[in-house]
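For reference, the structure is listed below as structure tokens.
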């Protein structure tokens, strides 16, 4: 019997609230404006960053993860929460522990290069954890970009690798433009169908200027599964227009959305075809699984495909950073519809959350999530997460 409790295996819980169902027409279902919906927010407790790292590493050690890999795995989970991407932070730890326990991911595995040229490489992840594969591939792409101006690396036999922008940042901090893509379990429907045939595939792009940066991290769906899993774990509703239930109705209940796995694409057919392009590059090109080849049943191993690109902008222009700053400022200075809500570039919401965490001097986690990991700590015989304070009410300044 598995020790952990996964969101997709605990969907029997429902809320005793009035249900409002919306059946969207095929042409408008994907981009229906979210309806007003009630929100139930639980109490939140604060956890010091070092304590979150300590707990993650203790759990991984119980799964025989080598000490040399502990820092990179714990860091990318903590950074996701630091940036407000809670669906890919600590919330994902139990999934990675499950993959290790069931043998889908190998704790001691290392990626290897199948073949390569000066600017490209085909990598076998060898069933290592996604973050291990991702770090290896982006570092390889940067190494090639240093010599050839661009590095294009595709990987197979990988796993869920969390926040895609983590790897794009690895390129950006070294002066390169980073582009990252990954396919995923089929969970998104075309606007004119009711069967999921493609994943809510992700794309991240990051580049830095002298005074600004552009950091995009998105899924091809309106919102990804991580956001819905997070809403479920925190006992919140989701807006209509994110996902459908098993009958094809737009739902505000995350448990029904997770049971059906029918996310709406962003922008209708445009989001769906974007997901197809990502899957062609990540799945078909890399010799990984793709589309409905990827099993929805989490008791089976997944062979995900991913793409990592690093570009040296100074190969084209010596003043690229200055031009990027000018580009960003022109968008920022454009007239907003409401002066109270100025125009924002991708990555600014994340920066606002980082400032919020720095003001708190700790990471805010819902007590429901901490209660789940208290059970995990008991099962693994590790020290539970210590709280920075006993209790505080959740507040958002972003």
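Would any residue of region 164-187 have its amide N under 19 Å from a label point 7 Å out along Cα→Cβ of residue 331? List them or say none.
Counting only backbone N, you get 164-173, 175-181.
Per the Kirkwood treatment, what hydrodynamic radius in Å, one decimal, follows for region 246-313 from the mean inverse distance over all distinct Cα pairs? Display every interim value, and only then the final one.
Values: mean 1/r = 0.0701 Å⁻¹.
Mean inverse Cα-Cα distance, inverted, gives 14.3 Å.
Report relative contact order for the chain in percent, whole number only (criteria: Cα-Cα under 8 Å, sequence separation at least 6). Don't skip to the answer; put the middle values down first.
Details: 886 pairs, mean separation 96.9, N = 398.
The normalised contact order for the chain reaches 24 percent.
Please give the Cα centre distance for region 79-94 versus region 183-210, rounded to the nearest Å.
Region 79-94 and region 183-210 have Cα centres separated by 19 Å.
With each pseudo-label sitting 7 Å past Cα toward Cβ, what's the residue 269-residue 341 distance in nm, one decimal?
2.9
For region 99-253, what is the relative contact order in percent, using Cα pairs closer than 8 Å and at least 6 residues apart in sequence? Let's see the in-between values first.
On the way: 290 pairs, mean separation 20.5, N = 155.
The value is 13 percent.
Let a ≥ b ≥ c be the square roots of the eigenvalues of the Cα gyration tensor of region 304-364; is it rounded (a/c under 1.5), or, if not, prolate (a/b larger than b/c) or oblate?
Values: a/c = 2.13, a/b = 1.21, b/c = 1.75.
Cα axes put region 304-364 in the oblate bin.
Which parts of region 331-347 would a label at residue 317 reach, counting a residue when its backbone N lies under 15 Å from a point 7 Å out along Cα-to-Cβ?
Answer for region 331-347: 331.
Where does the Debye-calculated log10 I(q)/I(0) of region 115-232 sit at q = 0.14, 0.16, 0.21, 0.22 Å⁻¹, using only Cα point scatterers of equal weight, no solvent?
Each listed q corresponds, in turn, to -0.65, -0.81, -1.17, -1.23.
What whole number of Å gives the distance from the Cα centroid of region 211-233 to the Cα centroid of region 238-316?
Their Cα centres are 12 Å away from one another.
Rule-based calculations on the coordinates, nothing more; no lab input. Keep in mind that what you see is a predicted model, and the values were worked out from it rather than measured. Neighbour counts run over all protein chains shown; Cβ positions are idealised from the backbone, glycine included.
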